[in-house]
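Chemist: Can you keep this structure in mind? I'll have questions shortly.
A short reminder: the numbers here are calculations on the coordinates, not readings from a lab. These numbers come from a predicted model, not from an experiment. Because the Cβ atoms are built from the backbone with ideal geometry, glycine has one as well, and the counts that use them run over all protein chains shown.
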Amino acid sequence: MKDLRGQATGTVSADAEHCFAVLLAVDDYPTAYPEVIRRVEVLERARDGSPRLAWATVRVSVGPVQRDFELTAKVSRERNRLVRLTRVPNDRSDRERVTLTWQISPGPPTRLTVRLRARLDVPRVIPTQGAGPAAARSLLEAAVRTLDGGPGQAAARRRGSRAIASARSS
């Protein structure tokens with residue numbers, strides 16, 4: 001088992017409410033970050049329509065090795081402050097862990113911090129040094145592109161606007 005940890009922080013012009021809605025719309029992650037987040041399907045939603053449980057296909061690249069992993073993640077949140085995805089173990093003997101946390105600090109500008117914590121069953125011969133920080137930076141860059149204008153922004157804004165309207169009505 002190898003531990004991967006990474007953190008990245010950046011700022012965006014979007015307000016905290018919009019950032020929260022876009023980051024909570026996990027089913028749009030493949031649009032914003034298709035190189036890594038290949039597919040997401042929401043399995044369970046809360047009464048307000050926000051995701052509670054999602055299934056994803058994630059491409060992991062470490063050195064020359066690339067592999068797609070399927071995982072189920074619990075989605076938790078603190079309104080306009082935090083979105084957390086936590087891998088659900090396959091069974092009791094499953095020791096692998098993955099947690100991705102988005103922390104949102106209101107601005108202006110709005111500050112985003114992404115933290116990646118993982119404990120993965122990776123062969124010893126695969127070098128993982130620097131993989132956690134690199135993954136966190138890539139995730140942050142994808143979020144900034146989406147929130148400040150770039151590929152995937154239109155779909156994320158549409159989804160984010162629907163999520164904001166849903167959150168306000170509940």
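Chemist: Quick one: in the stretch 125-142, which of the residues that are over 13 Å from the mean Cα position of the chain (by Cα) and touching a residue at least 12 places away in the same chain (Cβ under 8 Å) is nearest to Leu53 (Cα to Cα)?
Modeler: Filtering first and then ranking leaves Gly132.
Chemist: Provide a single number: the residues in the stretch 107-140 that are over 18 Å from Gly10 (Cα atoms) and assigned to a loop (DSSP other than H, G, I, E, B).
Modeler: Restricting attention to the stretch 107-140, the residues satisfying the condition of being over 18 Å from Gly10 (Cα atoms) are 117-131.
In the following step, the residues that additionally are assigned to a loop (DSSP other than H, G, I, E, B) were identified as 121-130.
Number satisfying all stated conditions: 10.
Chemist: Moving to a separate point now. Restricting to the stretch 35-49, give me the number of residues that are surrounded by fewer than 16 Cβ atoms within 10 Å (Cβ to Cβ), without any contact (Cβ under 8 Å) to a residue 24 or more places away in the chain and in contact with a Pro (Cβ under 9 Å, 6 or more places away or on another chain).
Modeler: 3
Chemist: Would you pick out the residues in the stretch 12-23 that are under 14 Å from Arg81 (Cα atoms) and either surrounded by fewer than 22 Cβ atoms within 10 Å (Cβ to Cβ) or of a type outside the set (A, V, I, L, M) (or both)? I'd like the intermediate steps shown before the answer.
Modeler: Kept after step one, since they are under 14 Å from Arg81 (Cα atoms), are these residues of the stretch 12-23: 14-23.
Hits for the stretch 12-23 are Asp15, Ala16, Glu17, His18, Cys19, Phe20.
Chemist: Which condition does Val42 not pass, out of (1) aliphatic (A, V, I, L, M); (2) touching a helix residue (DSSP H, G or I) at 6+ places or on another chain (Cβ under 6 Å); (3) under 16 Å from Thr101 (Cα atoms), if it passes all the others?
Modeler: (3)
Chemist: What pairs can you find where one residue is in the stretch 77-97 and within 19 Å of Gly49 (Cα to Cα), the other is charged (D, E, K, R) and surrounded by fewer than 13 Cβ atoms within 10 Å (Cβ to Cβ), and their Cβ atoms are less than 9 Å apart, with a gap of 6+ or different chains?
Modeler: Qualifying pairs under 9 Å: Arg84/Glu78.
Chemist: Out of Glu44, Glu35, Glu17, report the one residue that is among the acidic types (Asp, Glu) and part of a strand (DSSP E or B).
Modeler: Values: Glu35 fails: part of a strand (DSSP E or B); Glu17 fails: part of a strand (DSSP E or B).
Of the residues listed, the single one that is among the acidic types (Asp, Glu) and part of a strand (DSSP E or B) is Glu44.
Chemist: Taking into account only those residues within the stretch 25-73 that are under 13 Å from the mean Cα position of the chain (by Cα) and among the small types (Gly, Ala, Ser), which is nearest to Ala135 (Cα to Cα)?
Modeler: Step by step, filter the stretch 25-73, then rank; the result is Ala32.
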